[in-house]
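The values are calculated or read from the model by the stated rules, or taken from the named source; none is laboratory data. Just so it is clear, the structure is predicted and the values come from calculations on it, not from any experiment. Heads up, the Cβs are rebuilt from the backbone with ideal geometry, glycines too, and the neighbour counts pull from every protein chain shown.
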Amino acid sequence: MKKHILIVDDEPTIQMLYKYILETAGYDVSIASTGQECLERLISDKPDLILLDLMMPDMNGVDVAKEIRTKPGKYGNPAIVILTAYLGENAREKASQKWVDGYVTKTEVINQELVDEVERYLSDR
């Protein structure tokens, strides 16, 4: 059975690029554009991993991750990997409070690097 990944990002270009890369690698992929949409999809989709944008207009990625981790009965226990254009020490420190499993910097990850990162976080599950 294919692993399911939920991409949560408010930028359509990132959504479509990552969806293409991950589907080509054999994953089932769904997309959410906001933190609230992510939470709604978790109830029905049950993804194995969430690629979660750090900066979104309605809720930031850390707040979404915290909501997921504090209610595993409602949302399950997917791996959560933060997507961000820049990961300074403040962002890493804020997000590392048990809410997320890791980080992927958007500007550094392309094609096989993204697949390798996803596989790494899925293998820990």
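Here is a list of conditions, (1) at pLDDT 85 or above; (2) surrounded by 15 or more Cβ atoms within 10 Å (Cβ to Cβ); (3) touching a Lys or Arg at 6+ places or on another chain (Cβ under 8 Å); (4) not in a helix (DSSP H, G or I), and M56 meets all of them except one; can you say which number that is?
Failed condition: (3).
Considering K71, K94, which residue is basic (K, R) and modelled with pLDDT of 85 or more?
Only one candidate qualifies: K71.
Name the residue that is farthest from Y75 (Cα to Cα), counting only residues in the stretch 1-58 that are among the polar types (S, T, N, Q) and under 14 Å from the mean Cα position of the chain (by Cα).
Q15
Of all residues in the stretch 1-26, how many are closer than 16 Å to I80 by Cβ and out of contact with any Phe, Trp or Tyr (no Cβ under 6 Å at 6 or more places or on another chain)?
Looking only at that region, the number is 6.
Which of the residues that make up the stretch 8-29 are farther than 20 Å from R69 by Cβ and touching a helix residue (DSSP H, G or I) at 6+ places or on another chain (Cβ under 6 Å)?
Result: I21, A25, V29.
Quick one: is A85 touching a residue at least 40 places away in the same chain (Cβ under 8 Å) and either closer than 20 Å to Y121 by Cβ or surrounded by fewer than 22 Cβ atoms within 10 Å (Cβ to Cβ) (or both)?
no
Of A25, A32, which residue is over 15 Å from D101 (Cβ atoms) and touching a residue at least 40 places away in the same chain (Cβ under 8 Å)?
A25
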